[in-house]
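The values are calculated or read from the model by the stated rules, or taken from the named source; none is laboratory data. This one's a predicted model, so the numbers in the text were calculated from it and none came from an experiment. Don't worry about glycine lacking a Cβ; one is built from the backbone with ideal geometry, like all the others, and counts go over all protein chains shown. For accessibility, only protein heavy atoms count, side chains too; no ligands or nucleic acids. Shrake-Rupley method; radii C 1.70, N 1.55, O 1.52, S 1.80 Å.
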Amino acid sequence: SSGINAEYGVVYEDTTRGGPVIIPTGPISRGPLFGVALKDAVERSQCLDGLPLCRVFQDCIMYLETFGLQKEGIYRVPGFRTKMDIMKRTFNKGDPVKLSEYDPMTVAMLLKLYLRELPEPLLTRQLGASFEQTIQSDESNEHIGILRRRLRDLPAENYATLAWLCLHMSHVAKHEKYNKMNLSNLIIVLSPTLLVSTTLLRCLCEHATTLFPGVELNPNTPIPEFDESEDTGGAEKVAPPQSTKANSVRLELTQMYLYMVA
């Protein structure tokens, strides 16, 4: 068997089914995670890799990237509400949740619930209107550059969460052949949850790699920082290298997510 030291709150081991399985252990948060400010949720349960993401959100995204992309009707077809309620209560108690014991539809429903219960939209009340005005008033490609600059005005946890969500949705849409969920379908489902217009959400997802440069759905990849001159040819500045121990932990986390079994 192998895994991360128990002090990190999660381990995994080989099974007779041909691969490792997640066996979380120990508390993963210091208070409720649903229905609280995003900053508080991140501080209470910040992911083991140091990304400014809530544990509920990252766990769901990583699970769905592995098991949900080809599920027909993902994010549209509901899962089991009773099971979703169990997962929510478990997360809120600070206990680990083995998502591998649940189906993708129910995990997707949990993710939507988490986002819907945020007390403030991801784009924030202060900045939300400016994003909508940009996308509605500018018909040229210049609005992409404007949006990209304004997105960096968001708090770190909002930026990271929105980036991961939009990149994930673009991945889901690329598997339309299997899941029957094109970007238009996804936007119709998620727009009310995120309190954002369908026009803006489409733009964020269609241009996710441009609007969130350097961001990857990988627990081993930090959120890049940028120089002020980046929009005029400035170089991208990545966060300083982590210690060997931290990199080792990130590698095991990546392996843990990739080999999660249902």
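Given +1 at the Cβ of Lys and Arg, -1 at the Cβ of Asp and Glu and no other charges, the dipole of region 50-119 around its Cα centre is 220 debye to the nearest 20. Rolling a 1.4 angstrom probe over the protein heavy atoms with all chains in place gives region 34-163 an accessible area of 44 Å² per residue. You can think of it this way: the chain between Ser197 and Asp153 has 13.9 nm of extra reach, that is 0.36 nm per residue less the Cα-Cα gap. Between Ala129 and Asn218, the distance separating the two model label sites (each 7 Å from Cα on the Cα→Cβ line) works out to 4.1 nm. From the alpha carbon centroid of region 78-141 to that of region 145-222 is 12 Å.
Between the amide H of Ser29 and any residue lying 5 or more places away or on another chain, no distance stays under 5 Å, with hydrogens modeled in the peptide plane.
Taking every protein chain into account, the 1.4 Å probe leaves Asp85 with about 60 Å² of accessible area, to the nearest ten. In this label model, Arg81 and Glu120 are separated by 3.1 nm, measuring between points 7 Å along each Cα→Cβ vector. Taking θ as phi - 60° and the Karplus parameters 6.51, -1.76 and 1.60, the scalar couplings of region 59-66 work out to 4, 5, 4, 5, 5, 5, 4, 8 Hz in sequence order, x denoting glycine and proline. Checking the cross-link pairs Lys71/Lys112; Lys83/Lys112; Lys39/Lys71; Lys71/Lys177 against a 22 Å limit on the alpha carbon distance flags Lys39/Lys71 as lying beyond it. Once a ≥ b ≥ c are taken as the square roots of the eigenvalues of the Cα gyration tensor of region 71-202, is the result rounded (a/c under 1.5), prolate (a/b larger than b/c) or oblate (a/b not larger than b/c)? Cα axes put region 71-202 in the oblate bin. Applying both filters, DSSP loop and at most 14 other Cβ atoms within 10 Å, to the GluC sites (Glu not before Pro) of region 113-204 gives Glu117, Glu139.
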